[in-house]
Every structure is written in structure tokens, then in C-alpha cells.
Amino acid sequence: MTAAAWTDIPRPGRLRSAAVAAVLALLVTLAGCGGGDDQADQPVGSSRISSADAQAQEQRILAQRARAVRDHDLGLFLRRVDHKDAALMARQRRYFRNLVQLPLARFSYQVTSGQWDGVKPAPSWGQDVHVPQVQLTMQLRDFDAVPVQRTVGFAFSFKDGRATLVADRTATGKQLFRGNPAPWDLTAINVREEPGVLGIFDRETSGSAATVMAAVRDGIDQLDRALPFSWSGRVVVYSVEDPRVLKSFRDVPGGAIDHLGAMTFPTYADGERSQVASTRMLLMPSSVRAGQPFLGRITRHELSHVAIGVRDDGAPTWVSEGIAEYLGAREVPLRERIIPTSALQRARTVDATMPVSKGFNDSDQEWHYALSWMAFDYIADTFGEARLWELIDAMHNGGQGTADVDQDRVLDQVLGFDSHELARRAAARIRNIYG
């Protein structure tokens, strides 16, 4: 969401403003398989070493590094890294220190026969260079349902037939990584783990770790009391400020991450359309600085998406966001629930209609979130909370979903009136409470 002015429920002598509300138990196995399939000798750069021999060396080095993570052995992790490259050594030390903080159930490398195309070796790498595509497998114990696989790359230089890892990125500084990197791939992190919560912080946000962990832990407990179903009660939360991490996120609602308070995002097992390993959460520092009750509210909103999971898949966006807004505000005392001032103005002047999914996060998103929230607030107040979940289940339609053009049929079945009437009553509720 974009930054907004907020309107409090009117009462004498009190105004309030805030930032925008948008947000296995296995023994660690960290070994890789050595060697590769027999194949004809092929030149590697200008080397006479066969591709099979090169791949076998690369696999042994990376398996050694994986074992070093398991054993917390920095010396072993760096043993076959080019010690003359200070920047490379610094990045590898940082990465090791990040990894050993994580609760890893799995961490392994598998060198493939594929090479990274278009990678021009830097002169400092030497003349006999191999840049294989490597499958990295990671799984966070208790938080990822399945392992997460990503394609990464390393440049190996061969001198007298012996391999040395000389680069983890291209000569121009581009990271050899396919897919969305995690914070531990990009910056130094500080990990906090409590039952149900894995917190990832960077240097700028580590000072607020206790505040964030408490907010998430409380949010999980509060949702457990509000939801009519059980869920894992576990979440990975990122609270980071490093621009390199923030710029790595794709498909950001509204297109600008700086305007968000928080968001949730799926972490796929092996690229998009594969199984979701976990749904993780990003909590922006601005939301932490806003304090309570806003921090709790936005935390519960995003946790709602994690908890509800696939139960609202295929429903119109206003349904998914409306229930999250409702659950986010549910624990806030009525007189402390704020709403964007622009939404109150719209409720006074516009003939309301429920927002269409395609444009939900456009320039009118403040209005869309507010109207969706008040629609669910109206339903709960009029029919009881059980009707909210009846509506969500009907819109989910057994996984088939409900298109926007078909929502009136479902609304009429569940509520007895259509989306235009629901929007009219939601707008009236905004006026009655905040006007």
C-alpha cells in the first residue's frame, strides 16, 4: 500500500496517525554425491582436463563445504577458495556465518553437467576455468515442508589439474543464482528462533528483534483463538532494511516495496508452479517503528494469509484481503481502530462497489482495503463470525474458485444480497463509525 493519512474513530481531543497497513525433524544431512556420468573428454577453457574429471573435483569441493557447515568448520569451508581474492573471501565468510545460524535440516550441493552460458572469465581467474550450474538444496527444520532447490554457480580454476573456487559471481559482479535469493544470500544476518517463529534480521534491524519476535508470537496466539481451524502456527519472518534484499523481491503488491508495511510470499520447492515449501513473511522496519497497536495489527494481517493458506485460493482478492484486515484489527479495541482518511472521504462521496481483483492494488488500494475490511466487519457484526468462514469456503468452491463475475451468485446464497449491496452497507459502516 501507499503511505496514507489515517482517520481514527472520532472522540474528543484525540487524533492518531500511522504508517500504511498493507505484510522434518531430521538430522542435518549436508553431503553431496561425488563424480559424474562417464563422458567424452571436452576442453574446459583451455584445459586438457576432461569434463568428467572437472565435475568430480567440483563435487568433492562443494560436498566438503557442505560438511563444513554441518560441523561449523570455517577453515574447511574456505580451504579450496582463492585466498588471494579478499572480496570473495569476505563474502564466503559472511555466507558461512549466516548458514550456521539457520536451523538446517538439509543443505547439499549437486554439480550438474550444465554450464552457465555467457559468463566471461575474469583475467584473475586464470586460463582454465569451469563455471558449472549447481543445484543447491536447503530445508529449514520445522519451517519448510519440503526442501527448497535453487540453481547457483561457482567458477573453478584448474591449475596443474587441481581445482580452486575463484568466484561466486560473474566478472561484472552479477550473482550466479536463479530464482529469488534469501536474505542470507545477500547480506549478513542475525537469526532468532523461538517456538513457531524463525526471525531473520540484518545489521540495521537486529536491535528491534525482540519487539518483532514478540509481535509475531502474540499474533500467532491471537489467531489461534480466532480461527475455526488449526494450522501449523509456524512462520519465517524477515525484518530487514538492506536495499539489496528489498530489491530482490518480485511481484510486489502495488509495485513499490517502499510503500508496503508488510507482505507474505510463497517459497517454492523448485521454481514457480512447484510445491510451496513455506509461506514466509516480510515485516518492513517502518511498521516496527510505528509501534502498537499498528505493529500487532499488520502482523496479524500477514499471519492470517499464512494461516489461511489455500483455503481462500481462487476467491476474489477483496475476500482474501478483507478477512486478513478483519483479523488484523480484531484484537484492537474498537475505539483504537484507524482507517485511511481517504477511505472516509470516498465513503462519503462515491457509490461504492466491491473492488475488482485485477486492479485491487492500483492507485485506489487504500479504499479497496478499507471497503473490504468493512464488508467483513459488517458481516461479522450482523450475522456472526461463522458466516465469514462460510463465505470464504463458498468462494473457494472446493479449490475451483469464484471469478469476480460470479461472486454475486455466491453472495446471494450466503448473505441474501449481491456485491453492490454489500459495498453500500460497508461504506455506510465506514461513515457510521468514522464519520
Mean Cβ neighbour count within 10 Å, used as a protection proxy, ranking 296-306, 231-241, 81-91 highest first: 296-306, 231-241, 81-91
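Over every pair of different alpha-carbon atoms in the chain, take the mean of 1/r and invert it; report that Kirkwood radius in Å. Could you put the intermediate results ahead of the total?
Details: mean 1/r = 0.0417 Å⁻¹.
Hydrodynamic radius (Kirkwood, Cα pairs) of the chain is 24.0 Å.
Probe of 1.4 angstrom, ligands and nucleic acids ignored: what's the accessible area per residue over the stretch 309-435, in square angstrom? Write down the numbers at each step before the final one.
Numbers: 5450 Å² over 127 residues.
That works out to 43 Å² for each residue.
Just the number: Rg to Rh for the stretch 233-337, Cα atoms, Kirkwood Rh, two decimals. Don't jump to the answer; show the numbers that get you there.
Numbers: Rg = 14.1 Å, Rh = 14.7 Å.
Ratio value, two decimals: 0.96.
How much accessible area per residue does the stretch 78-222 have, counting only protein heavy atoms and a probe of 1.4 Å, in square angstrom? All intermediate terms of the calculation are to be shown ahead of the outcome.
Details: 6230 Å² over 145 residues.
Dividing the accessible area of the stretch 78-222 by its residue count gives 43 Å².
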Accessible surface of the stretch 228-373, 1.4 Å probe, proportion on carbon and sulfur as whole %: 47
Cα-based Rg / Dmax (Å) for the stretch 119-165: 15.3, 45
Cβ-Cβ FRET estimate between Arg60 and Thr353, R0 fixed at 56 Å, reported to 0.05: 0.30
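Of all the accessible heavy-atom surface of the stretch 71-188, with the other protein chains kept in place and a 1.4 Å probe, what percent is carbon and sulfur?
Values: 2420 of 5220 Å².
With neighbouring chains kept in place, the figure for the stretch 71-188 is 46 percent.
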Net dipole in debye of the stretch 280-359 [+1 Lys, Arg Cβ; -1 Asp, Glu Cβ; about Cα centre; nearest 20]: 220
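The values are calculated or read from the model by the stated rules, or taken from the named source; none is laboratory data. Given the structure is predicted, the values throughout are model-derived calculations rather than measurements. Note: ideal-geometry Cβ built from the backbone for every residue, glycine included; neighbour counts use all protein chains shown. To get the accessible areas, we keep the full protein, side chains included, count just its heavy atoms, and leave off ligands, DNA and RNA. Shrake-Rupley method; radii C 1.70, N 1.55, O 1.52, S 1.80 Å.
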